1. crowded, with 18+ Cβ neighbours inside 10 Å, more than 19 Å from the chain's Cα centre (by Cα), modelled with pLDDT of 90 or more and under 22 Å from B:Ala271 (Cβ atoms) - does that describe any residue in the stretch B:381-399?
2. If I filter the stretch C:130-144 down to residues being of a type outside the set (A, V, I, L, M, F, W, C) and more than 14 Å from every other protein chain (Cβ to nearest Cβ), which single residue comes out as farthest from C:Ala176 (Cα to Cα)?
3. Give, as residue ranges, the helices (runs of 4 or more DSSP H) completely inside the stretch A:292-359 that count at least 1 residues that are closer than 24 Å to A:Glu26 by Cα and in contact with a Lys or Arg (Cβ under 9 Å, 6 or more places away or on another chain).
4. With respect to B:Phe411, determine if the residue is out of contact with any Ser or Thr (no Cβ under 7 Å at 6 or more places or on another chain) and touching a residue at least 24 places away in the same chain (Cβ under 8 Å).
5. List pairs: first residue in the stretch C:28-43 and more than 8 Å from every other protein chain (Cβ to nearest Cβ), second residue acidic (Asp, Glu) and not in a loop (DSSP other than H, G, I, E, B) anywhere in the structure, Cβ distance under 8 angstrom, at least six positions apart or on different chains.
6. Give the residues of the stretch A:120-161 that are free of Cβ contacts under 8 Å to residues at least 12 places away in the same chain and over 30 Å from A:Val223 (Cα atoms), sorted by residue number.
7. Restricting to the stretch B:272-327, name every residue that is small (Gly, Ala, Ser) and at the interface with chain C (Cβ under 9 Å from one of its Cβ atoms).
Amino acid sequence: MISRAQFYLLTVNFTLGTTLFVTINEIIQRGKRDAWLMPLWAGAYGMLAALLWILLLRSSPGKSPVQIAREAWGPAGVIVGILYLLWFCMIGAWALRNVSDFMNVTIMPRTPPSMFHVMFLLVASYTVVQGTETIGRLNGIVTPFLVFPFWTILMLATVDWDWERLLPAFQNPWEIFRFTSLMGFPFMETFALMMLYPKVRSGAAGALLLGLASAAMSISLVVFMVTGLLGPERAGRINYPIYTVVQEVEFGKIIVNIHSVLIVILITLIFIKLLVLLYAAFETIRELSRPAARWPHLVALSILLSAAAVVIYENPIQNRILSNKITFAYDSFYTILIPSLMLLSLRIRRAIQSRGRRS
Amino acid sequence: MGRRTKGRSIGSDLAGDIQTMLGSPPDLVCRSLIPDGDRIVQCIYLDSLVDKRTIDEFIVSSVQQNTFAEGPAASGNQYIQELPFTAPYETLRQQVLQAVITGKCVLIDAVRERLWLIDTYNAPGRQVDEPRTEPTIRGPYEGFTENIRINIGLIRKRIANPSLRFEQMTIGSQSGSTVMMVYMENLAPETLVREVRSRLAAIRTDSVLESSYVEEYIEDRILTPFPTLLNTERPDKTAAHLLEGKVAVMVNGTPFVLIAPLTFHELFNSAEDYYQRADIATFIRWIRLISFFAAVFAPSLFVAATTFHQELIPTELLISLSAQREGVPLPAFLEVLLMEIVFEIIREAGLRMPRAVGQALSIVGAIVLGQAAVEAGLISAAVVIVVAVTGITNFVVPVYSFGMSQRLLRFTFILLAGFMGLFGVLCGALFLLAHLVSLKSFGVPYLTPLAPANKDDWRDVLIRAPRPSMKPNLLPASIRRLKRK
Amino acid sequence: MSRRQRAAAAVLALCAALLTSCWDKVEINELSLVSLAGLDRDPESGIYTVYLQVINPATGASAQGAPGGEQAPVYTYTASGKSPGEAQASFYNVLPRRMFLHHAKAVLISERAARQGMRDFLNFSELQPDARTSIPLLVVDGSIAEVMRTFTPLERNPADSIVSRLDLMYDFTLKAGRRIELRDVIERVEREEMVVIPIVAATSKTGHLNSFDVNAEIDANRNQLRVSGGAVIRDYRMVGRLNEGDLVLYHVLTGEKGRFVRRFPFRGEHITVIMKTKRMERRLDWQDGKPVVRIRLQFEFSTIAMKEYFPQTLDELKKLEQHLNQVFAEELKTFVDKTRRKGWDLLRIRSLLHRKAPNLPDPDQAASEAEIKIEVETRLRGMGNLGGLYDGAGGEP
């Protein structure tokens, strides 16, 4: 069992995970000077979606979505469970690929990507084996080491701040609503956290919503700062704007390059995301087949994930097209459509049952 | 063996049997005392284990003057115990044998058919001395000794409280060592006491010569570099932990006492923290924390920065390091690894060698391996500095066994850094953290009160708050956790 | 397999992985630390030439006694090709160590390349993840080959020497600005603004000299580099120059904060004033449908360098201040008019209009028609060590 605070932190870190890495430039490219509004709006949508999930999980307390699927649809629920398993693996592989792409582009160009995947999966598997509490505590103890350095570095970077970069503001405020994939990634992906939801002692719903809100605000603030520090012209084109921001900070003459600190922070955030996804996938397996041993399944999952991470997309351009065109529909299927159907059939089934009992 | 007649024969038989069973050792003494004409009282003891003054001045003289107490001694009395003469001879012999080898004096009055065991244990050993591994500047200079009786006294001296409990048990089928469980009945959580008791009772071993024997049997997880039981030779520290509701385990024959449960932050606390001013103690605690990170991570970060992420190093320093490395044959990773290994060797040699050659060794270590290696261009100067820093920071840690785990971790991280640079170190660090948060000591999460977080207890973790501002009578989070269960 | 065997197998596999190879590993002494990069493009043949100045670590502070005095502190490598990438690739024909650009301190570009357009170079350097764009860009007056092969005395690394001078010039003379880095050029140009970057040139030489000769020569003005003047960049192209005096005015008008020295006519003579920029405000008004930009500048000045005149009374001071306000405003106005006549929008009026009135139909037209009004306010803050000047009268009035 994990506490409410731990679940809150997990939600925030999961949402920030790869977002701070890969979507910032996309957001700024689309939203230009008003880009910082986009995460807020997408976050609000994410919270609405979360309300649906909470409704679903409250209808069968203590059960995870996979278990609910089996309750609602019986054997057909197993298929849903397998779909979810694949979806979790898919997002996990995506997160892994983001790590290796980033490392290859920035500081370690010649290391084979699979090495990054395998190392991360090894650590994540070990953590998942230790159980839910370990995940919650690990995240809890890591968070302060992420939050304070991250914001300190960004604050220090504000020596280059220029308000002119954010003006003129609110030129085409509706443009921001057209970037739908931001709703899918990162906000709808947080559905993976619902596998942890039943393990939270109490108040998980509030923690989830608050976590989504905090994450949306954090992303918005980061976008705002990146825009003000790099200008929309550069930030929209540079692949990893935060990295560039920090790369260009100089403190006096001595500490010129502190971007490695940032790399560590961002990668740790992705690790948290991967951890939750691996846990979700593993938990799905456990709920579907109740295996006695843990390691064989985790090893299998790791092999699957590390292989999927290599083939998930061929090049960054394909990645951008994939994530822009498909993400929203793809994620909606898993996080809106299936949960709504499950909720509906649960309601119907219960209505029938209670009528049967009455008569 | 056939049934023997009671009386005179049983005394001499017993004495003879014991002599044969022990193989007629030179220190076995069988004296025949004659208080009055017809009576002979046999007195058997091991000369090397008993207090001869007690025997001569008290037992022998009182028997001879016929003033020896003849009333029925209470059977529960540890000091004088009477065995029923009517018991089967086999049992009697076994009990007497056991008594003799644990330093008791056996009195057999064959005529009046009585048999006493009198505790006269006084094994040779050190007197109370300064603790060797945990010296302090301010605070008591007493350390535990190898004698469990003295150790009990040292604790009693500090806690004059009727709730203090000592539970004795004998572990080790061959050595038959005395192990003592100590706790405060009113403070220690019942679950904890029960857990320790049952884990101790479950030990199946032939000998217990040191508390580490016990430690390995009762700790929660064996595959971990971190100690999950605290060991100390300071009675004041033990008393402090007992007063926090923890349980101590003492083993006869060693000054090291085990304390359970242990949480990670306690490894950074020294007894002296509580005898110093709060601000100074806080500062020193932070120094220890920094030293811990330096001892574990400094060489690996050095390797990562110099062989993978040169952009991290300021330009001037990079030029200087580059100049130092001109002509150095080994890669930086191997340089660091080799120097660390050499340092460990010097250190181990320094511990084990006779005191008299210590001077020579430090000269060899410092000059030959440091200065000469640098001047010969085999090792770059920066590496020597890094290794020296990690070596020194490693000594800062107040708990010796924790220092050992740091050394192990350091090598792991050097390997990881040489393998994948900062990413490797990061993976290692995450693995380590995952391991730490999953670790438990007698059911208490190892990282309490950091994860799970418990703000009330932070006053004695990252800082040492002044005593008046700590909540009075607040047991540590680890113990409160157990009490809730 | 038992649990223990499996664990052992995992550990072995890990060790095997550890032992295989370390892909990105490179020892420090296998790197060539580039401190200065030079870029050139021949307009006729279109050949790109890249110069890299690499630090010689043996001359740095080393642990082993005196640094090698006879060796050059830096070596300049040259490579050329049909594109910057090709030029970069052919460096290893001559360079024995891996190129390491992270610690580059400045980038130089030849004037002819700058006049043709520097977008290729800037795009190329932004594409490289290891090349930082937060370093100054300078235009070379004259031959870039010569500048790249010139040693500097005192500060033996030419890149350090240039960067340090830029800092000092900013702090004490305002002849260099803060926003002269590669990233600033990119950002400004992308916003269709103009930007001025410093110019560097080699000073007169007495033959071909090595580092030892340069450091042994007493006349430090010869045989080295000189940073002076500014190159005006529009749309990644150098379109003109500013002399030192105009450069100061340009920096004042663009809101750079710093100290500078200026000589003003006063009562038929000249006085020298040390000024410090305090505040700059720009306001946009509309008069008869035309934009009016009001620029208000506040300065603090000190009389430390004013050897000609010393105000004794408040009245005199007020007069001096008013005089300075008026003269300086006129000078600034003259400068602005001069540059606008050339079609240069150095004050970035167009961007200002875009920010304040984004829906103008023709911002270029509006910007060129905008009226600029400059107000100057000066205030005495610092005085020298004297309460009055020595005037040969022995203190008598």
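1. Scanning the stretch B:381-399, I find at least one residue that is crowded, with 18+ Cβ neighbours inside 10 Å, more than 19 Å from the chain's Cα centre (by Cα), modelled with pLDDT of 90 or more and under 22 Å from B:Ala271 (Cβ atoms), so the answer is yes.
2. Among those residues, the one meeting the criterion is C:Ser143.
3. Because the criterion is at least 1 residues that are closer than 24 Å to A:Glu26 by Cα and in contact with a Lys or Arg (Cβ under 9 Å, 6 or more places away or on another chain), the helices (runs of 4 or more DSSP H) in the stretch A:292-359 that meet it are A:295-311, A:316-325.
4. yes
5. C:Arg41/C:Asp120
6. A:Tyr126, A:Gln130, A:Gly131, A:Thr134
7. Residues satisfying the conditions are B:Ser320, B:Ser322, B:Ala323, B:Gly327.
Matching residues to (1) touching a Gly at 6+ places or on another chain (Cβ under 7 Å); (2) within 30 Å of A:Glu164 (Cα to Cα):
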| site | (1), (2) |
| --- | --- |
| C:Gly268 | no, no |
| C:Met275 | no, yes |
| C:Asp288 | no, yes |
| C:Ile304 | yes, no |
| C:Lys318 | no, no |
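The values are calculated or read from the model by the stated rules, or taken from the named source; none is laboratory data. Since we're looking at a predicted model, the values are computed, not measured. Backbone-built Cβ (ideal geometry, glycine too); neighbour counts: all protein chains shown.
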